[in-house]
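Below is one structure, written out as structure tokens; the observations come after it.
The values are calculated or read from the model by the stated rules, or taken from the named source; none is laboratory data. The structure presented is a predicted model; accordingly, all values stated were derived computationally and were not measured. For neighbour counting, all protein chains shown are included, and Cβ atoms are generated from backbone atoms with ideal geometry for every residue, glycine included.
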Amino acid sequence: MITCVVHYTIDPAKIEAFERFSREWMRLVNLHGGRHHGYFLPGEGASDKALALFSFDSLASYERYRARFGHDPEFLAADRIRDESGCVLRYERTFMRPLFAED
């Protein structure tokens, strides 16, 4: 399993647009073989940081999902929310492998 952790710098004045963007990407990840663990948004006070985590069974599965970028109409529409609203200022993607407690 591989987990993608995305660190966002967002425009706090455009949080509603970021929520629309987030909901759409959660749907797309889940639809295309991944498991989205959610977006984590500022909860208290002024903050411009947000986080997303989602997993795929393997790097190959993730790469099949990523192959849809740039041409799949649903992926393009989701990115348009971000691009047209300006809700995301920057993001950084990191891949990690989870370590779970043993049963």
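For the reader, a short list of remarks on this structure follows.
- Filtered by the rule that a residue be farther than 16 Å from LYS14 by Cβ and touching a residue at least 24 places away in the same chain (Cβ under 8 Å), the stretch 36-51 gives HIS37, LEU51.
- Annotation: of all residues in the stretch 84-103 being within 22 Å of ASN30 (Cα to Cα) and over 14 Å from the mean Cα position of the chain (by Cα), the one that is modelled with the highest pLDDT is MET96.
- Restricting the stretch 3-30 to residues that are modelled with pLDDT under 95 and among the hydrophobic types (A, V, I, L, M, F, W, C) leaves a set whose member that is surrounded by the fewest Cβ atoms within 10 Å (Cβ to Cβ) is ALA13.
- Against the list (1) modelled with pLDDT of 95 or more; (2) crowded, with 18+ Cβ neighbours inside 10 Å, the condition TYR62 fails is (1).
- Within this structure, GLY45 passes the test of being surrounded by fewer than 16 Cβ atoms within 10 Å (Cβ to Cβ) and farther than 23 Å from MET96 by Cβ.
- Test for HIS37: is it modelled with pLDDT of 95 or more and touching a Lys or Arg at 6+ places or on another chain (Cβ under 8 Å): no
- Filter pass, LEU89 being surrounded by 13 or more Cβ atoms within 10 Å (Cβ to Cβ) and not acidic (Asp, Glu): no
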